[in-house]
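One structure is given here, and the rest of the page talks about it.
The values are calculated or read from the model by the stated rules, or taken from the named source; none is laboratory data. Since the model is a prediction, treat every value here as computed from it, not as a measurement. Cβ coordinates were reconstructed from backbone atoms using ideal geometry, including for glycine residues, and neighbour counts include every protein chain displayed. Heads up: the accessible areas ignore ligands, DNA and RNA and are worked out on the full protein's heavy atoms, side chains in. Shrake-Rupley method; radii C 1.70, N 1.55, O 1.52, S 1.80 Å.
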Amino acid sequence: MSPIRTTALGLALTTALSTLALGAAPASASAPAPASAPSAVAGPGAGSTSGPAVEEARLDRPVPREILRRSGFDTAAPRFADALRGARTYAQAERVTARHGAELWRRAVERAQGRGPAGGDLARDDDRPLYWARLGMVRALRAWEPATALPAGARERLVDRLESASRGQEAVRFPAGRGVRRVLLTGFDPFTLDRDIRIGNPSGAAALALDGTLVRTADGGWARVETMVFPVRWRDFADGVVERALRPHLPRVDLFTTVSQGRVGRFDVERYNGAWRGGFADNENASETGPVPVADPATRPQWTVTSLPYAAITAAATGPFPVYDNTSVTEVPAGATQPVVRPDGPTPGSAARAGGGGDYLSNEIAYRATLLRDRLGLTGLPGGHLHTPVLRFGADHTDAVEDPAYLRNRAAITAQVRSVIAVAAGARGVGGTADAGGTSAAGGTGGAGGTSTPGGGTGAAGGGTGAAGAGGGATAGR
């Protein structure tokens, strides 16, 4: 979730927002939809306060209530609150929290993949019920009054456990042995909800659709995909949520990709990630500007680089949207004081002001994940960031929770993410020993990416054509 900014002070923020459909700064996580009617968009006190209460207060607005009711997820928070009332000790409360968090994630995945009851008439592949139900459960946990006083910090530890369990971060299970490539994919929550509270995040929808599935790779093999989603909150990233979630798995996977919403009408493989926060407000209306806070800042590089097989991905026909190898960054050159845009990547000694994915949380998750790769010494591991197109509503639907254009766009984006994974996981050297950044025998072939889902359900391969090209133009976000 990283507002995709055209930075370099080249375009004003208003221009960027227009380019990114309400989410220029945050293109990575899930750029917002086009401006809509005040009934859908207006929100109380946007920007006036910040903190958890801001995010949770949005639950009381009509759109979240409709999404929960029409998906059947309106029962999650009340059931959790009832279970908490039966907890007599912290240990019992932690077990209840972990169980209900895991159940929420499992229920969202199964619903997205066509298993179990739909719970209502909202489209199954919708990521928004998971977000709003989790938020309701967090609010219930904050309101819980235990029979005995909790130790200092105990409630926040329970909130952290609920977050990790309900985001799939505790549910990653790769098969043992060899023969199936292991792919880890991450998505984001919806964001910029005070502009349009209806929006979802195509990266989150793709994560739910792909979790636990087998994807037929472009070279004829199979890849098992495991997924998780992350919050759109600066404080969680500063607290190390990305590193905690990814560290146990990166040494065991054959490929990883962080995914977020980016630019209008295109996918981007972001070549460079920058160590800079640009200050765009998060889901708590908090803002952070400055260097990305990481452990051991003395060894923090200004830039990290993708090791995804970008040449193979951009050459392949993965779906209806063009896919670009985006090499543009914004930097302060060595010896200079003002930022400039570099279309071909950073120059030696420069200071980062925006990666290809902008200066919001999509850039930051890409930076943190690839820095973790490097610090763990995983030099041959393909990994990096993929920006999806912006998920938008139809122009004539200004207050509907879903419309035909929104549903078509989301399905097309998810199918193409699947096909990109099929190409990337089948590229020469993935799961083997060759260079991950070069060409692939899979490049240029279409039709890759069908999925097999444990317990039923099938995935459609993304058709259409893909276009390679240099990454100029718009900003990337979240």
* Once amide H atoms are placed 1.01 Å from N in the peptide plane, what residues at a sequence separation of 5 or more from residue 213, or on another chain, have their amide H within under 5 Å of its amide H? -> 225
* Counting pairs of alpha carbon atoms under 8 Å apart in space and at least six apart in sequence, what relative contact order in percent does the stretch 156-315 give? -> 23
* Please report how far the C-alpha centroid of the stretch 322-346 lies from that of the stretch 374-433, rounded to the nearest whole angstrom. => 24
* Asked: If each of residue 176 and residue 300 carries a label point 7 Å out from its Cα toward its Cβ, how far apart are those two points in nm?
  -> 4.1
* To do: Can you tell me the alpha carbon radius of gyration of the stretch 214-347 divided by the globular rule-of-thumb value 2.2 N^0.38 Å?
  => 1.21
* Structure fact -> Correct semi-axes for the stretch 180-236, from √(5λ) of the alpha-carbon gyration tensor and rounded to whole Å with the largest first, are 29, 12, 7
* Under 5 Å between amide H atoms, partner at least 5 residues away or on a different chain: which partners does residue 230 have, H built in plane at 1.01 Å? -> 187, 188, 189
* Pair residue 249, residue 407: separation of 7 Å Cα→Cβ label points (nm) -> 3.0
* Report, to two decimal places, the Cα Rg of the stretch 301-354 normalised by 2.2 N^0.38 Å (N = number of residues). => 1.41
* Show the residues, 5+ positions off or on another chain, whose built amide H is closer than 5 Å to the amide H of residue 201. => 127
* To do: Quote the convex hull volume per residue of the stretch 153-270, based on C-alpha atoms, as a whole number of Å³.
  => 141
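Rounded to the nearest 0.05, what FRET efficiency do residue 375 and residue 334 give with R0 = 22 Å and r taken as the Cβ-Cβ distance? Could you check?
0.35
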* To do: Using a 1.4 angstrom probe on heavy atoms only, work out the carbon and sulfur share of the accessible area of the stretch 204-265 in %.
  => 50
* **Selection from 238, 135, 206, by position along the positive dipole direction of the stretch 134-247 (Cβ)** => 206
* Mind giving me the nanometre distance, one decimal, between the label points for residue 152 and residue 82, set 7 Å out from Cα along Cα→Cβ? => 3.7
* Structure fact -> So the FRET efficiency between residue 347 and residue 287, C-beta based with R0 = 25 Å and rounded to 0.05, is 0.30
* Given the convex hull of the Cα atoms of the stretch 315-426, what is a quarter of its surface area in nm²? -> 9.9
* Restricting the count to DSSP beta bridges whose residues both fall in the stretch 214-362, what percent are antiparallel, rounded to a multiple of 5? -> 80
